[in-house]
Amino acid sequence: MAIIKCPECGNQVSSMAKACPQCGCPIDTNVYCPKCGSSDTSVISGVSKAASVAMWGVFAMNKVKSSYKCNSCGHKF
């Protein structure tokens with residue numbers, strides 16, 4: 001959880017909030033791919049990370065360090 005600024009009034013708002021408590025502006029909580037900008041992302045599970053480490057060892061570090069995967073371009077971030 002992080003504190004972000006409301007795009008409308010500039011008030012400090014929790015990143016988990018659906019709307020700003022001061023002005024009611026909706027807060028966008030979608031995760032976007034930094035490479036292609038798509039919102040079609042999924043969380044990389046801990047089981048998937050463990051299986052990759054067991055199979056590939058240190059070569060799986062990119063997947064282990066990442067939290068999300070873009071379903072459009074395959075980028076892990």
Quote the relative contact order of the chain in percent (integer), defining contacts as alpha-carbon pairs under 8 Å separated by 6+ residues. 21 percent
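Expressed as a whole percentage, what fraction of the accessible surface of the chain belongs to carbon and sulfur atoms when a 1.4 Å probe is rolled over the protein heavy atoms?
Working: 3040 of 5420 Å².
That fraction is 56 percent.
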Relative to the first principal axis of the alpha-carbon coordinates of the chain, what is the inclination of helix 46-56, with its axis defined by its Cα atoms, in degrees from 0 to 90 and to the nearest 10? 30 degrees
Run the simple label-point estimate for residue 71 and residue 47 please: 7 Å along Cα→C-beta, distance reported in nm. 1.8 nm
For residue 41, other-chain or 5+-apart residues with amide H closer than 5 Å (H placed, Pro excluded) are 71
In order through the stretch 17-32: 3J(HN,Hα) via Karplus (6.51 cos²θ - 1.76 cosθ + 1.60), integer Hz, x for Gly, Pro: 6, 7, 8, 5, x, 8, 10, x, 5, x, 9, 7, 10, 5, 9, 10
What Rg and what Dmax come out for the stretch 3-77 when only alpha-carbon atoms are used, in angstroms? 16.5, 50
Sorted by chain and then number, the residues having a modelled amide H within less than 5 Å of the amide H of residue 68, at least 5 places away or on another chain, are 44, 77
Could you work out the local net charge near residue 60, counting Lys and Arg as +1, Asp and Glu as -1, over the other residues with Cβ closer than 13 Å to its Cβ? +4
Before rounding to the nearest 500, sum -39500 (n - 2.57) across all DSSP H runs of length at least 4 in the chain and divide by the residue total; then give [θ] at 222 nm in deg cm²/dmol. -5500 deg cm²/dmol
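The values are calculated or read from the model by the stated rules, or taken from the named source; none is laboratory data. Predicted, not measured: the structure shown is a model, and the values here were computed from it. Quick reminder, even Gly has a Cβ in these numbers, built from the backbone with ideal geometry, and neighbours come from all protein chains shown. We work out accessible area using only protein heavy atoms, side chains counted, and drop any ligands, DNA or RNA first. Shrake-Rupley method; radii C 1.70, N 1.55, O 1.52, S 1.80 Å.
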